[in-house]
1. Quick one: order Thr13, Thr106, Thr119 from most to least accessible surface, probe 1.4 Å.
2. For the chain, set up a Gaussian network in which alpha carbons nearer than 10 Å are linked by springs, and say which option among Ile46, Ile133, Ile216 fluctuates the most.
3. Using only protein heavy atoms and a 1.4 Å probe, report how much of Ser123 is accessible, in Å² to the nearest 10.
4. Tell me, what HN-Hα J-couplings in whole Hz come from the Karplus equation 6.51 cos²θ - 1.76 cosθ + 1.60 at θ = phi - 60° for each residue of segment 153-158, using x for Gly and Pro?
5. Would you list which lysines come within 19 Å of Lys148, measuring only between C-alpha atoms, while excluding same-chain residues fewer than 8 positions from it?
6. Let me have the 222 nm mean residue ellipticity of the chain computed from DSSP H runs of 4+ only, each contributing -39500 (n - 2.57), with the sum over all residues rounded to the nearest 500.
7. Over the chain, give the accessible area per residue in Å² for a 1.4 Å probe, as an integer.
8. Within the set of other residues whose C-beta is less than 10 Å from the C-beta of Cys172, count the net charge using Lys and Arg as +1 and Asp and Glu as -1.
Amino acid sequence: MSKPIILALDFPTTKDVEAFLKPFSNESLYVKVGMELYYQTGPALIDLLKRDGHKVFLDLKLHDIPNTVKRAMKGLASLEVDLVNVHAAGGCAMMEAAVEGLESGTAAGKKRPDCIAVTQLTSTSQEIMQQEILIHHEMKEVVKRYAKFARQSGLEGVVCSALEVPAIKEYCGQDTMTVTPGIRIAGDLAGDQKRVTTPAKARKLGSDAIVVGRSITSAKDPVQAYQQVQQEWSV
Ligand code: C5P
């Protein structure tokens, strides 16, 4: 699984997840569990997904004081998920604390979960960032600088829009992991997302992994939509 499609399980209950995954039969997937699902189902669902052979990105976007983030990450590492994240806006001390927590919570002989930082949400536009978050720089500049802070703090990479991948890789090194949501199959609605691309374009721009939610979860035939994304992503 070198360049995965991460399937966003944005559902409220374990039952919904099971119903959604059923038609994928026994395929091993890379899935993302976000706040909506995790706050309802907790570690039990993670256990279930791991037991079924899926890789798990636990997308809880931690953003708190360093000590709290460190202790929370220690607990998340013990769930043996593959990928977790924080908001880069929490600062370098917080990101360093996240890595320390993950290291201390990883069992001997196991790999610590990779950790990436959200730079700016893909639902945030340049206007929102300037007028509501009061950051008066170009989006690309902010994203690049946040990515550099994340790498300097020991994180593997960032969550960003695919549109920002080339600039981030150039500024922070080609080995910077870029995980990119805001993906739509051509013709699908963007919804609340602002900085969107297709799987094929994300591939061309050099994304290491795409996160796809509604283009698959809301499709009439999710398996067929997944296969379409797979086809575009692997061209
Ligand atoms: O349905 P859609 O494909 O827009 O879902 C995108 C998923 O990626 C959602 O679960 C969302 O929480 C997540 N995400 C995002 N932007 C980020 C980080 C995560 O859209 N910066």
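1. Thr13, Thr106, Thr119
2. Between Ile46, Ile133, Ile216, it is Ile133 that shows the largest mean-square fluctuation.
3. 40 Å²
4. Rounded to whole hertz, the list is 8, x, 7, 6, x, 9.
5. Lys61, Lys140, Lys169
6. Helices in the chain give a 222 nm mean residue ellipticity of -13000 deg cm²/dmol.
7. Result: 48 Å² per residue.
8. Once all neighbours under 10 Å are counted, the net charge is +3.
The values are calculated or read from the model by the stated rules, or taken from the named source; none is laboratory data. Remember, it's a predicted structure, so these values are computed and weren't measured experimentally. Methodologically, a virtual Cβ is constructed for each residue, glycine included, from the backbone with ideal geometry; neighbour enumeration extends over all protein chains shown. With ligands, DNA and RNA removed, areas are computed over all heavy atoms of the protein, side chains included. Shrake-Rupley method; radii C 1.70, N 1.55, O 1.52, S 1.80 Å.
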